[in-house]
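Asker: Let me give you the structure first, and then I'll get to my questions.
The values are calculated or read from the model by the stated rules, or taken from the named source; none is laboratory data. Here the structure is a predicted model, which is why all the values come from computation and not from measurement. Counting neighbours? That spans all protein chains shown, and the Cβs are built from the backbone with ideal geometry, glycine included.
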């Protein structure tokens, strides 16, 4: 008899059941998995399925089933104040993310699967309205090509590869610009391939699973097409109708929702059926050949070998010593587990534990068992699942080695190349020893059990998310005034940090006046107010203005420079009719040639030159025409008049009295 290596709970289902067991009592939105026996066992522990979010009381603890639920159901539970625990299979979660992304892009989803299956309903609940599920080629041909132009096609995770390829072929042929992603769970594909191989080399196939389980039904259909004597059973009680023939080779596999205990019961029952059949035949041969009873018992003894190395079984702890734990596994001899091979030393007599057969006979008649091998294998499967789903893992640095760091991820040695440790060059790799870090698996070699991870990829993703959030925030602030710090200057402008992003203040936006170089207005390190003019996330560019945070000079010119006031300015330009004097950046006034000196001059340069600092009197301010009339002459006249003594108004103080 042969038991499939990949029979029973897949990673996603096991994760869902363990979540339910850990957080009992709780409610589940629909059955946590498609297996009546597993669901009933959970109900006895206080995990009760309810149909629809309406049946979940406000504030209750609700576990989302492994098949996943719609976005609306999740959000409704959160609004009701429920404690939501997500036990959705990572492979299904990945499809939800794809559906959500397609919806945000305005694309419909086509799910190749059963429309009424909980997983498919959940996926469509994350998709754009009008998305559809198709089960076969006929339904695929019925889709309107234009309605689904540019759609994203995905697969129900338990779909058979053959069905997926047939339907995908029709979609490629009929739907313009369709994108097709094979989202069949790798565990499903592996289970189906293994079952097909077993069906080819065995005479009888037993498929164990719930009748409502999609993957179990597909597994049965697949093996039935290859091996005519294939039976679909839910429990060991249904094996009574199976009739075996002498020499029959028997294969047993199970769907992803089938608990280990049911598989064990089926295997044990089939062993009994097989043994009884062989015993009957042997007794008949004994009578015919007049063999002795001892010979018969020796032959029966040979049939009692029911375990093999690598097999996973459930046993009961019957004895505990300082070094070992003795486990009854239903075999003619009890098994021994070294305490070093226990996943937890917190065991007591009577506990049921899952163990792996290391050796059927260690030379002394003992069965050697291990629990750690199972844990390592489960951890390996979990890491592979996270790798395929693109999820992160947590690791702890253990040892600096040549070229990188060895880390522990769920008990599995993982290599992190030095180039993948940080965003920058790492001088001392040993600094990471003992440090907990979030990692992304970037390479898995299943044959060599080798894993390569990257901390840098996680940091880059986090930086990208932060940058994305900053850009989205900045886009909403276009037109607003914010504070920033001048980081560096260039000939064409100043770069200003406005909260993690550098924006450019072009030289023309630094001042209302003429600026030859940004250093004339700002310096590195200055904290200034700037106005966000334009944000371009796709080009990672922000345009800023410094001058627009300050009033336009002409709007306040009349108040700042009232007629009759005397101010200083710089001669910036000379024409034939006068000199332009800059009172402040962006605000120039004209000194007419007639107002440049006390006496008549032939040309302006006879009185002033470009660059001179002069005192001028404001004669007139016309803000609408943007003209200011200035005078140097009147300032000189006022200064000359002020130099004359008050009692010598007519210039007679120096004259001598006339002698009579």
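Asker: Taking the range 439-454 on its own, how many of its residues are part of a strand (DSSP E or B) and more than 15 Å from residue 411 (Cα to Cα)?
Answerer: 6
Asker: On to the next question. Filter the range 51-86 down to residues that are surrounded by fewer than 16 Cβ atoms within 10 Å (Cβ to Cβ) and over 27 Å from the mean Cα position of the chain (by Cα), then give me how many there are.
Answerer: 7
Asker: Could I ask something else about it? Yes or no: the range 260-274 includes at least one residue that is buried (at least 16 other Cβ atoms within 10 Å of the Cβ), outside any loop (DSSP other than H, G, I, E, B) and at pLDDT below 75. Show your work before the answer.
Answerer: From the range 260-274, those buried (at least 16 other Cβ atoms within 10 Å of the Cβ) are 260, 262-267, 269-271, 273-274; that's our starting set.
Keeping just the survivors that are outside any loop (DSSP other than H, G, I, E, B) gives 260, 262-267, 269-271, 273-274.
Remaining after also requiring at pLDDT below 75: 274.
Yes, the range 260-274 contains at least one residue that is buried (at least 16 other Cβ atoms within 10 Å of the Cβ), outside any loop (DSSP other than H, G, I, E, B) and at pLDDT below 75.
Asker: Something else about it: State whether the residues of the range 520-536 include one that is modelled with pLDDT of 90 or more, within 25 Å of residue 610 (Cα to Cα) and surrounded by 13 or more Cβ atoms within 10 Å (Cβ to Cβ).
Answerer: Yes; the residues of the range 520-536 include at least one that is modelled with pLDDT of 90 or more, within 25 Å of residue 610 (Cα to Cα) and surrounded by 13 or more Cβ atoms within 10 Å (Cβ to Cβ).
Asker: Of all residues in the range 22-42, count the ones that are under 26 Å from residue 268 (Cα atoms) and outside any loop (DSSP other than H, G, I, E, B).
Answerer: Summing the residues that are under 26 Å from residue 268 (Cα atoms) and outside any loop (DSSP other than H, G, I, E, B) in the range 22-42 gives 7.
Asker: What are the residue pairs meeting all of these: first residue in the range 548-560, first residue modelled with pLDDT under 85, second residue exposed (fewer than 14 other Cβ atoms within 10 Å of the Cβ), Cβ atoms under 7 Å, and 6 or more apart or on different chains?
Answerer: Once the first residue is modelled with pLDDT under 85 and sits in the range 548-560, its partners that are exposed (fewer than 14 other Cβ atoms within 10 Å of the Cβ) give 554/626.
Asker: For the range 488-506, which positions are in contact (Cβ under 8 Å) with a residue 24 or more places away in the chain, part of a loop (DSSP other than H, G, I, E, B) and over 15 Å from residue 471 (Cβ atoms)?
Answerer: Across the range 488-506, the qualifying residue is only 491.
Asker: Specify which of the listed residues (473, 511) is at pLDDT below 90 and under 28 Å from residue 553 (Cβ atoms).
Answerer: On inspection, the qualifying residue turns out to be 511.
Asker: Does any residue of the range 342-349 turn out to be surrounded by 13 or more Cβ atoms within 10 Å (Cβ to Cβ) and in a helix (DSSP H, G or I)? Even if it seems obvious, please write down each step before you answer.
Answerer: Taking the range 342-349 and keeping what is surrounded by 13 or more Cβ atoms within 10 Å (Cβ to Cβ), we get 342-343, 347.
Then drop every residue that is not in a helix (DSSP H, G or I), which leaves none.
Among the residues of the range 342-349, not one is surrounded by 13 or more Cβ atoms within 10 Å (Cβ to Cβ) and in a helix (DSSP H, G or I), which makes the answer no.
Asker: Quick test for you: out of 352, 324, 356, pick the one residue that is within 30 Å of residue 443 (Cβ to Cβ), under 45 Å from the mean Cα position of the chain (by Cα) and modelled with pLDDT of 75 or more.
Answerer: Exactly one residue qualifies, and that residue is 356.
Asker: If I ask for residues that are out of contact with any strand residue (DSSP E or B) (no Cβ under 7 Å at 6 or more places or on another chain) and at pLDDT 90 or above, which ones from the range 81-92 would you list?
Answerer: Selection gives 81, 92.
Asker: Quickly run through the range 592-615 and pick out the residues that are out of contact with any helix residue (DSSP H, G or I) (no Cβ under 6 Å at 6 or more places or on another chain) and closer than 30 Å to residue 546 by Cα.
Answerer: Answer for the range 592-615, where residues must be out of contact with any helix residue (DSSP H, G or I) (no Cβ under 6 Å at 6 or more places or on another chain) and closer than 30 Å to residue 546 by Cα: 610, 611, 612, 613, 614.
Asker: Moving on to the next point. Could you pull out the residue among 163, 227 that is surrounded by 13 or more Cβ atoms within 10 Å (Cβ to Cβ) and in a loop (DSSP other than H, G, I, E, B)?
Answerer: When all the criteria are applied, what remains is 227.
Asker: Can you find a residue in the range 108-130 that is surrounded by fewer than 20 Cβ atoms within 10 Å (Cβ to Cβ), free of Cβ contacts under 8 Å to residues at least 24 places away in the same chain and not in a loop (DSSP other than H, G, I, E, B)?
Answerer: No - not one qualifying residue is present in the range 108-130.
Asker: Only one residue in 465, 476 is under 30 Å from residue 548 (Cα atoms) and either without any contact (Cβ under 8 Å) to a residue 40 or more places away in the chain or in contact with a helix residue (DSSP H, G or I) (Cβ under 6 Å, 6 or more places away or on another chain) (or both), so which one is that?
Answerer: Working: 465 fails: under 30 Å from residue 548 (Cα atoms).
Criteria check complete, one pass: 476.
Asker: Would you mind stating whether residue 589 is touching a residue at least 40 places away in the same chain (Cβ under 8 Å) and either exposed (fewer than 12 other Cβ atoms within 10 Å of the Cβ) or assigned to a loop (DSSP other than H, G, I, E, B) (or both)?
Answerer: Details: touching a residue at least 40 places away in the same chain (Cβ under 8 Å): yes; either exposed (fewer than 12 other Cβ atoms within 10 Å of the Cβ) or assigned to a loop (DSSP other than H, G, I, E, B) (or both): no.
When the stated conditions are applied, residue 589 does not pass them.
Asker: Would you mind finding the one in 385, 400, 407 that is surrounded by 18 or more Cβ atoms within 10 Å (Cβ to Cβ) and either at pLDDT 90 or above or more than 17 Å from the chain's Cα centre (by Cα) (or both)?
Answerer: Numbers: 385 fails: either at pLDDT 90 or above or more than 17 Å from the chain's Cα centre (by Cα) (or both); 400 fails: surrounded by 18 or more Cβ atoms within 10 Å (Cβ to Cβ).
Of the residues listed, the single one that is surrounded by 18 or more Cβ atoms within 10 Å (Cβ to Cβ) and either at pLDDT 90 or above or more than 17 Å from the chain's Cα centre (by Cα) (or both) is 407.
Asker: State all residues of the range 31-50 that are farther than 18 Å from residue 81 by Cα, surrounded by fewer than 19 Cβ atoms within 10 Å (Cβ to Cβ) and touching a residue at least 12 places away in the same chain (Cβ under 8 Å); if no residue qualifies, say none.
Answerer: The answer is 36, 37, 41, 45, 46, 48, 49.
Asker: Failed condition for residue 96, given (1) buried (at least 19 other Cβ atoms within 10 Å of the Cβ); (2) modelled with pLDDT of 90 or more; (3) touching a strand residue (DSSP E or B) at 6+ places or on another chain (Cβ under 9 Å); (4) under 29 Å from residue 30 (Cα atoms), with all others met?
Answerer: With respect to (1) buried (at least 19 other Cβ atoms within 10 Å of the Cβ); (2) modelled with pLDDT of 90 or more; (3) touching a strand residue (DSSP E or B) at 6+ places or on another chain (Cβ under 9 Å); (4) under 29 Å from residue 30 (Cα atoms), residue 96 is out only on (3).
Asker: Okay, next question. Quick check on my filter: what residues within the range 166-213 are over 30 Å from residue 263 (Cβ atoms), assigned to a helix (DSSP H, G or I) and touching a strand residue (DSSP E or B) at 6+ places or on another chain (Cβ under 8 Å)?
Answerer: 167, 168, 171, 172
Asker: Output the number of the condition that residue 393 fails; it satisfies all remaining conditions of (1) crowded, with 17+ Cβ neighbours inside 10 Å; (2) in a helix (DSSP H, G or I).
Answerer: (2)
Asker: Counting just the residues of the range 410-438 that are modelled with pLDDT under 90 and part of a strand (DSSP E or B), which one comes out surrounded by the fewest Cβ atoms within 10 Å (Cβ to Cβ)?
Answerer: 413
Asker: Residues 199, 189, 193, 145: which one is without any contact (Cβ under 8 Å) to a residue 24 or more places away in the chain and either touching a helix residue (DSSP H, G or I) at 6+ places or on another chain (Cβ under 6 Å) or not assigned by TED's automatic domain parsing to the domain that holds residue 115 (or both)?
Answerer: Details: 199 fails: without any contact (Cβ under 8 Å) to a residue 24 or more places away in the chain; 189 fails: without any contact (Cβ under 8 Å) to a residue 24 or more places away in the chain; 145 fails: without any contact (Cβ under 8 Å) to a residue 24 or more places away in the chain.
The unique qualifying residue is 193.
Asker: Here's something else I'd like to know. What residue, among those in the range 546-586 that are in contact with a helix residue (DSSP H, G or I) (Cβ under 7 Å, 6 or more places away or on another chain) and part of a strand (DSSP E or B), is nearest to residue 522 (Cα to Cα)?
Answerer: It comes out as 584.
Asker: Go through (1) free of Cβ contacts under 8 Å to residues at least 40 places away in the same chain; (2) touching a helix residue (DSSP H, G or I) at 6+ places or on another chain (Cβ under 6 Å) for residue 155 and report which single condition fails.
Answerer: (1)
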